[in-house]
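The values are calculated or read from the model by the stated rules, or taken from the named source; none is laboratory data. These figures come from a predicted structure and were not determined experimentally. Cβ placement follows ideal geometry from the backbone for every residue including glycine, while neighbour counts extend to all protein chains displayed. What goes into the accessible areas is simple: the full protein's heavy atoms, side chains included, and nothing from ligands, DNA or RNA. Shrake-Rupley method; radii C 1.70, N 1.55, O 1.52, S 1.80 Å.
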Amino acid sequence: MQYMLNEYNGFRKKTGYVPISNGTGIHSGSAVFGTVGSTDRMESTVLGDSVNVASRLEGLTKLFKTSIIISDKTQELIKDKPFLSRKLDRVSVVGRNEPMDIFEIFDYDEESIKEAKLKSREEFKNSVEIYEKGNWSDALNGFEQCIQIFLMTPPRKSISTVVKS
């Protein structure tokens, strides 16, 4: 979805429209899928705790200004897969008693943003750990260093833009 949205936003920019964004929350677990209705009207839905959690994570994408947030349970399942991710925070979502770690998947970011996230990955990880220990000023210093890495990373055209140019 994110690859296609990036391509579509390239088209929107070229034609004078504002790019759009979407957020995706992913959590792994059991769910119930069902279809109800009659011959005139049918509706399918999913129910369960994992669906609720995924919906809450989707809501957090706006707060964290990222496209994809996954739970620690999902991160554990994909840890050996080639996804670029970084831990964002430990949160408590509505409807759950236990807090969970959340992660950003950033494979689909623009190339310059992805490059800056990779360059700042270790500093960001350390800053999150310091933040979780309650050492706010040191965490803030670390996050500010991450921002400096972003400011020093020049914008680059994405591969799809270069190929089409």
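Some observations on this one:
- Assuming charge only on the beta carbon of Lys and Arg (+1) and of Asp and Glu (-1), the dipole of the chain about its Cα centre is about 580 debye to the nearest 20.
- Of all accessible heavy-atom area on the stretch 1-127, the percent that carbon and sulfur account for (1.4 Å): 54
- Per residue, the convex hull spanned by the alpha carbons of the chain comes to 171 Å³.
- The mean accessible area for residues of the chain, using a 1.4 Å probe and ignoring ligands and nucleic acids, is 68 Å² per residue.
- Mean Kyte hydropathy of -0.5 or more with a Cα span along the axis of at least 15 Å, helices from DSSP in the chain: 49-64, 136-152
- Within the full protein context, the accessible area of Ser30 is estimated at about 100 Å² for a probe radius of 1.4 Å.
- Between His27, Gly10, Ser44, the Cα set farthest toward the positive side of the dipole of the chain (charges on each charged residue's Cβ, about the Cα centre) is that of Gly10.
- Summing charges over neighbours of Glu98, with a neighbour being any other residue whose Cβ is under 14 Å away from its Cβ, gives +1 when K and R count +1 and D and E count -1.
- Once all protein chains are placed together, Val128 keeps about 0 Å² accessible to a 1.4 angstrom probe.
- Selected from Ile69, Met152, Ile102, residue furthest toward positive end of dipole (the chain; charges at beta carbon): Met152
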